[in-house]
Each structure stands twice: as C-alpha cells, then as structure tokens.
1. May I ask you to list pairs of residues, at least six apart or on different chains, whose Cβ atoms are under 8 Å apart, with the first in the range 146-165 being outside any strand (DSSP E or B) and the second being charged (D, E, K, R)?
2. List pairs: first residue in the range 210-223 and more than 12 Å from ASP198 (Cα to Cα) and in a strand (DSSP E or B), second residue at pLDDT 95 or above and among the acidic types (Asp, Glu) anywhere in the structure, Cβ distance under 9 angstrom, at least six positions apart or on different chains.
3. Assigned to a strand (DSSP E or B) and surrounded by fewer than 15 Cβ atoms within 10 Å (Cβ to Cβ) - does that describe any residue in the range 282-294?
4. Just name the residue that is nearest to VAL97 (Cα to Cα) out of those in the range 68-86 that are among the aliphatic types (A, V, I, L, M) and surrounded by fewer than 21 Cβ atoms within 10 Å (Cβ to Cβ).
5. Could you check how many residues of the range 169-201 are in a loop (DSSP other than H, G, I, E, B), surrounded by 15 or more Cβ atoms within 10 Å (Cβ to Cβ) and either within 19 Å of the chain's Cα centre (by Cα) or not hydrophobic (A, V, I, L, M, F, W, C) (or both)?
6. Among GLN213, GLN172, which is over 24 Å from VAL139 (Cα atoms), out of contact with any Gly (no Cβ under 6 Å at 6 or more places or on another chain) and at pLDDT below 95?
7. Given the conditions (1) at pLDDT 95 or above; (2) at positive phi, which single one is not true for THR329?
8. What is the one condition in (1) surrounded by fewer than 19 Cβ atoms within 10 Å (Cβ to Cβ); (2) touching a residue at least 12 places away in the same chain (Cβ under 8 Å); (3) on the phi < 0 side of the Ramachandran plot that GLY244 does not satisfy?
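The values are calculated or read from the model by the stated rules, or taken from the named source; none is laboratory data. These numbers were taken from a predicted model, which means no experiment stands behind them. Positions of Cβ are backbone-derived with ideal geometry, glycine not excepted, and every protein chain shown enters the neighbour counts.
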Amino acid sequence: MIELPVKKTLLALALTASAFAAKAQSAPADSVSAASRKWNIYPVLFYTPETQVGLGVKLIHVRKEEGHAPTDRPTFFSPTLIYTSKKQILTSFAVDVWRDKNKKHLSAQVEYNDYPYFFFGIGNDAPDEAEEPFTSRTVNFYAQFERRIFDKVYLGARYEFKHETIPKVDPQGQLAQRTIIGSEGTTASGFGLVALVDSRDNIYTPTRGNFHQFSTMVFGKYLGGEDNFARYKVDLRKYQSGIGPGVLAMQGLFTFVTGDAPFQFLSPIGGVYVMRGLLEGRFRDEDAAVVQADYRFPIAGRVGGAAFGGAGQVFKRIPDFAFNRFHLTGGGGLRYKLNKEGMVVRGDVAFSEQGMYLYFAFAEAF
C-alpha cells in the first residue's frame, strides 16, 4: 500500500478521517452466512517539502462470500492514487484473497511511483553529510500464494518484479559516479519459496497469536533481470494481550542478501514499517537485523494509540554484527479503526539520532 514518510520540516498533514461507505450488500444482523460487500472511500491530503501539496484517494473493497463462517478471513481490493503539485505520482492496486475456509491465500500488488528518495551510501555508519536526493520512477509487482498444509502452517511461492529508472541524481553524489550496482536503475525478476506459521486472531490488528514467515528469493538474468543475487528473510512476530488494556506486538526481522544485488535490494532499515524514526533506507547493506515492539491500546471508540521502539543495524557479513552498533528509535501515535474487519489508518511521530519524523499509513507497521 501507499505509505508516506514525512520529514520533520513538515508544514501540514491532514487526513480526512471520515469515510464515505457504499455497501453493495451486507449481512443481516442475525446471519453470518450472507454475502458481505462494502466499498470505503478515503480522501488523503498532505504537504511535504519533497512533494509540496499532495492530494489523492484510497478505495478499499472488503468482501466475504455467501456461506462464510465467522472465522473466515476477508478478501479485499484496494486501489490508491495520489498526485502532487510537483507532478509526482504514487499509485498502487493491492489484492488479498482468502478461500476455502482460510486454506488458500493469494496476495498481490502492482504499483507505479514517481517519487523522491534519499541515498546515504552503504553501511551501518553512513554519515548524514552523505545524503543525496534522487528521483525514482518505479514499476513494482509481486504475487504470493500459500496453501495451508496443516493447522496454522502454510507453504507457498512468491514472484517479484521491479523496473526502476533514476532520471535525476545529485551530480556530486555517489550515484552519479555509476559505480554502485543499481545507480543507473535496475530491472529485477525473482522467484522463491515461502513457509509460514500464522495463528493470528485478526490479520489487520491482531490481539494474540504468532506470524512467523521464512522466505528465500532468487533473482537472475534467466528470469529477465539484470543481476544475479538472492535474498533470505526471517520475519518473527508475536502478539500478546492481557498486559494492561492493550496489546503488545513484537517483531524480529532478519534479512540476508548474497550475490550482485542492486542497492535497491540490499537489506535496509528505516521507513514507515521498519525502524520508524529513520528515513526509508537510511542505512542499508547486505544483511540487517531488527527488533521492534509496539504497545497498542484503546482510547475512545474507534480511536486508539500506540507507543513503540526499535533497534536495528545493517552489516556486510554476519561476523560484522555487534551489539554496540544498533541504531535506536522510538515514538508514539494514533490509530483510527476504519471498519469492523480491523483495518486502521495511523499517524506516528518517531525519534532517533537523525531527528523527528512523521508517518502516515493505512496499516499497522507489523
């Protein structure tokens, strides 16, 4: 989904929190088996120094088929379109489909973005003064299918494609030297296997259960890409209620990259999902280790709050990992529950040694 990390020089940020809901068909109060289909339209308005004024719309279509059980997970379709006064475009179309009593799951997303980013170099100690802006025009696509093989355990496959051009770089920066893989843009195509354990009670705002995912992706010229490399990821999450009025969410994320990977595919920390408080991709290298936690609690009605913190580092090889090299982040924010399925919109304020950052997104960080 579209997410917007915003620098601390933000002048204004506004989200029209009200939604215009159009129900095609909804289940009566005394039935859990009738078909349920609903559209929600969410207008978005924001301002950042990078984009100036941005205006857009996000649609979410949630549905359950006739004969569904209360434990059946919902299917959703979500297009998003944002346009800025600097003629930048952010678009995406995401689908998440559950079938056969949660035995089969298909998720996919295609997006086109014309958006500014920042590059600081490679390594856990990349200095602030190395910051250089660049413009990325990117087409991204992924599709992942899993099938449950026994209780809470799924096996599946994933495909990813990225085509990125970089029409504008800092002429005095590292990317202009064209010595870093990916500095002239990249085309990458990869296929891999996925195994996961999923016992969450809700896929959008879990209050208990686990989500553990293990994946291996191989990108290669034989698949239509420009470089040969591989990525391995371990994503471990646990959700625990009963600690006060809220829910404690914890995540350990470990990523390892081998081969000739473009810098766009190196393991990053920083952004709206991983290590809020750092710019997206503020630090990147072949490997990364992150631990982070949220405490999410109700406030009133559909409004909730969260306090969070994280620690992460990147490194070239596993022996380079050191406990005294972690970057620390923390902060808090508000959540607004969009629908009974548990989807939320959130705004977070996060801090690190880099300063203060604001984030806006249509989902929890993890």
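1. Qualifying pairs under 8 Å: LYS152/ASP198.
2. Partner pairs satisfying both residue conditions: SER215/ASP235; MET217/GLU160; PHE219/GLU160; PHE219/ASP227.
3. no
4. ALA69
5. Qualifying residue count, the range 169-201: 5.
6. Values: GLN213 fails: at pLDDT below 95.
Just a single option satisfies the conditions, and that option is GLN172.
7. (2)
8. Tallying (1) surrounded by fewer than 19 Cβ atoms within 10 Å (Cβ to Cβ); (2) touching a residue at least 12 places away in the same chain (Cβ under 8 Å); (3) on the phi < 0 side of the Ramachandran plot, GLY244 fails exactly one: (3).
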